[in-house]
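Please read the structure below before turning to the comments.
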Amino acid sequence: MGRRAKPVAAGASPHLRALAVELREMKARSGLTYAGLAKRAQELAERPGKPPGAATLRGAATGTHLPRLETVRAFARAAADRNSPHAQLGAVERVEALWAAVSIERAAALATEPARPRRSTAGLALGLVQLQARAGRPSLRRLEELSDAAGHRVPRSTLHLILGGRVLPTRDQLVALLVAFDAAAGPGRVVVGNHWKWLVAHEAVEAKLHPDPPGPIFGCADHQLSEILARRERNEAFLRKIGKFNDEDGDGEDDEYRLGVSYDPPPPWEAMDDDELAAWEQEALADDPDDDVGERLAEMARRARARG
């Protein structure tokens with residue numbers, strides 16, 4: 001004869017108390033001890049892996065905590081008529097409904113902020129933890145298996161970091177994790193209402209953490225930049241020759257900034273043909289034949305004409 005069960009925990013919520021009471025009544029109707037339930041659960045296990053032991057099944061009926069969904073399913077299946085799949089299915093459905101009520105209640109308590117797009121790694125992690133609670137709190141090992149089945153395996157170590165808000169999952173990891181939550185909840189239960197919204201939230205966090213580098217303010221082809229710099233050097237050389245360049249002035253207010261570099265208008269003689277150069281030379285000399293600057297300008301005109 002098994003030892004006498006303790007009363008359901010006094011601090012259990014109404015939903016959690018109802019689940020614990022239902023499990024105890026199932027056990028009583030089965031006439032099995034917890035060890036017997038554990039043995040039958042192993043015989044009726046639907047998937048490979050270690051079924052819950054006697055201590056786990058006993059803890060599920062105490063009302064002190066919300067057991068895993070896999071545990072209450074195994075409990076109900078083992079306590080039902082072993083020769084009646086229909087009775088087992090009905091028992092599983094009853095405890096699933098009770099478990100879901102507790103799970104929704106617990107998941108709501110996790111929300112510490114209003115429902116809105118998750119725009120931080122911690123916020124996204126909080127939402128994923130809520131989904132994990134609604135899915136039956138599957139273990140990290142189970143989520144690893146289900147994500148692998150979904151096409152992108154997420155290791156347990158990575159899951160620990162993701163759910164802890166320490167790293168942002170990749171898009172593929174998030175997709176696999178959302179599918180895993182729905183799969184963990186079982187057929188007919190939808191944990192993730194809208195996968196697209198979670199992907200949009202992920203993109204928002206990704207954009208915030210890794211913004212695109214700003215593009216160039218102005219387009220600039222290499223040959224254009226070289227031409228502009230060469231022109232500036234020629235203009236500076238000319239100003240030095242006529243004594244008009246001041247190293248301390250820097251860029252003047254009239255400078256234009258094009259293609260990302262300071263740009264001064266080209267000297268007038270660069271655009272003149274031979275006739276215009278000759279006229280410019282005569283004009284420079286006519287202004288003041290004795291002026292040394294006029295002579296230098298005329299000399300530059302003659303050199304420019306010679307280069308052309």
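The values are calculated or read from the model by the stated rules, or taken from the named source; none is laboratory data. Every value quoted in this text rests on a predicted model; they were computed, and no experiment measured them. Note that each Cβ is placed from the backbone with ideal geometry, even for glycine, and that neighbours are counted across all protein chains shown. For the accessible areas, the whole protein counts, side chains as well, though only heavy atoms, and no ligand, DNA or RNA atoms are used. Shrake-Rupley method; radii C 1.70, N 1.55, O 1.52, S 1.80 Å.
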**Prompt:** Using beta carbons and a limit of 7 Å, which pairs, at least six apart or on different chains, have the first residue in segment 61-84 and closer than 21 Å to L143 by Cα and the second one not in a helix (DSSP H, G or I) and not β-branched (V, I, T)?
**Reply:** R68/G136; R68/R137; L69/G136; E70/G136; T71/P52; A74/P51; A74/P52
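Which of the residues spanning segment 179-191 are touching a residue at least 12 places away in the same chain (Cβ under 8 Å) and either under 18 Å from S120 (Cα atoms) or open to solvent by 30 Å² or more (accessible area, probe 1.4 Å) (or both)? So that I can check it myself, show each step before the final result.
The initial filter retains those residues of segment 179-191 that are touching a residue at least 12 places away in the same chain (Cβ under 8 Å), namely 179-186, 189, 191.
Hits for segment 179-191 are V179, D182, A183, R189.
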**Fill in**
When (1) of a type outside the set (A, V, I, L, M); (2) crowded, with 22+ Cβ neighbours inside 10 Å; (3) on the phi > 0 side of the Ramachandran plot are applied to G31, the one that fails is (2)
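Yes or no: segment 167-174 includes at least one residue that is modelled with pLDDT under 85, closer than 25 Å to I104 by Cα and touching a helix residue (DSSP H, G or I) at 6+ places or on another chain (Cβ under 8 Å). I'd like the intermediate steps shown before the answer.
We begin by selecting, within segment 167-174, every residue modelled with pLDDT under 85; these are none.
No, there is no match, as no residue in segment 167-174 is modelled with pLDDT under 85, closer than 25 Å to I104 by Cα and touching a helix residue (DSSP H, G or I) at 6+ places or on another chain (Cβ under 8 Å).
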**Complete:** Checked against (1) in a helix (DSSP H, G or I); (2) surrounded by fewer than 19 Cβ atoms within 10 Å (Cβ to Cβ); (3) under 14 Å from the mean Cα position of the chain (by Cα), S157 satisfies every condition except (3)
**Complete:** Of (1) modelled with pLDDT of 85 or more; (2) in contact with a helix residue (DSSP H, G or I) (Cβ under 8 Å, 6 or more places away or on another chain), G31 satisfies every one except (2)
**Request:** Enumerate the pairs (first residue in segment 33-44 and more than 16 Å from A61 (Cβ to Cβ); second residue anywhere and open to solvent by 60 Å² or more (accessible area, probe 1.4 Å) and at pLDDT below 90) with beta-carbon separation below 8 Å, excluding pairs fewer than 6 apart on the same chain, so at least 6 apart or on different chains.
**Result:** E43/R82; L44/R82
